[in-house]
1. For Ile56, enumerate residues with amide H under 5 Å from its amide H, sequence gap 5+ or separate chain, H modeled in the peptide plane.
2. Provide the net charge surrounding Ala216, with neighbours chosen by a C-beta distance below 13 Å and charges set as Lys +1, Arg +1, Asp -1, Glu -1.
3. Ranking Ser177, Ser32, Ser187, Ser137 by Cβ neighbours within 10 Å, fewest first, what do you get?
4. For region 163-271, which semi-axes, largest first and in whole Å, follow from the square roots of 5 times the eigenvalues of its Cα gyration tensor?
5. Treating only the Cα positions of region 34-153 as identical point scatterers, give the base-10 log of I(q)/I(0) from the Debye formula at each q in 0.12, 0.15, 0.16 Å⁻¹.
6. So what is the orientation-averaged projected area of region 1-101, using the convex hull of its C-alpha atoms, in nm²?
7. Using alpha-carbon pairs under 8 Å, 6+ residues apart, how would you state the relative contact order of the chain in percent?
8. What does the net charge come to around Tyr199 if you take all other residues with beta carbon closer than 14 Å to its beta carbon, with K and R at +1 and D and E at -1?
Amino acid sequence: MINALTIDVEDWYHICGLGKRLSLDKWQGYESRVKKATKEILNILAERDIKATFFILGYIAKRYPELVKEIDAAGHEIATHGFWHNLIYQQDEEAFRKDLRESIDILEGITGKKVFGHRAASFSITNESLWALDVLSNEGIKYDCSIFPIIHPRYGIAGAERFPYQIKPGLIEFPPSTVKFLGRNLSISGGVFFRVLPYSFIKNSITRINKAGKPAQIYIHPWEIDPAQPRLNMPFDRKIPHYINIKHTAGKLKRLLDDFEFSSIRKVLKIE
Ligand SMILES: [Zn+2]
């Protein structure tokens, strides 16, 4: 069974939901660390000859087109993570369409290849923003990875499908992986969940998913393998989960890549 490996390419300060604390004007003043951390991920993948899907922020692609070229030249799939990393449920349809189009145009302009996949900033397709699926479909997107089937304070649709399914004509939804645990869906696929859960639990969960004949989907951010990144001041309940176990993420990822087969979403979903 081939599982899907996805990387959300954004900088360490692209954190949603912090309001003025992290407004756009502050971005310019921060040191960019995304190139170095992304190249580290590229090296980890190259050593194992593994291809992945890179959901790249338009903002990053515009500043560092050579990084997009390098990812593409290494044989990975280039997909979009939107342009400004804005939460979809805080936008209207037109603003989202514009942001999406801008990101697709810049990525396609750099690689000369069509963009098929999308992941919303912070999984922000929820019950309040399901209209975004029609926008994605109309803009030529073939698959989306934004609907997390979990209960979470800022995202998720509890009870949504856990495995790839057709959500609209011509549009497949491939959710990040979860397992049933104590009657609820528990994420094992990335972020704080991936960093905190014991490796053996994650390994057993993916084995269970694969035994049921389904592919798993894992997601990682370049900043999650960058222990030296500056620490932003944010509320306690955000800060702990954001930075916990960052120094162990790269090691955990390598173990996972050695234990399972991975490829891009396009390969897993057989999108031509
Ligand atoms: Zn993101």
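1. Val9, Ala79, Thr80, His81
2. +3
3. Ser32, Ser137, Ser187, Ser177
4. Values: eigenvalues 136, 53, 46 Å².
So the equivalent ellipsoid measures 26, 16, 15 Å along its semi-axes.
5. -0.43, -0.66, -0.75
6. Details: hull surface 30.8 nm².
Dividing the Cα hull surface by four gives the mean projection, 7.7 nm².
7. Reported relative contact order: 24 percent.
8. Net local charge, Tyr199 excluded: +3.
Read-outs: derived from the displayed coordinates by stated rules, not from any lab. Quantities reported herein were computed from a predicted structural model and do not represent experimental measurements. Glycine also receives a Cβ, built like all others from the backbone with ideal geometry; neighbour counts cover every protein chain displayed.
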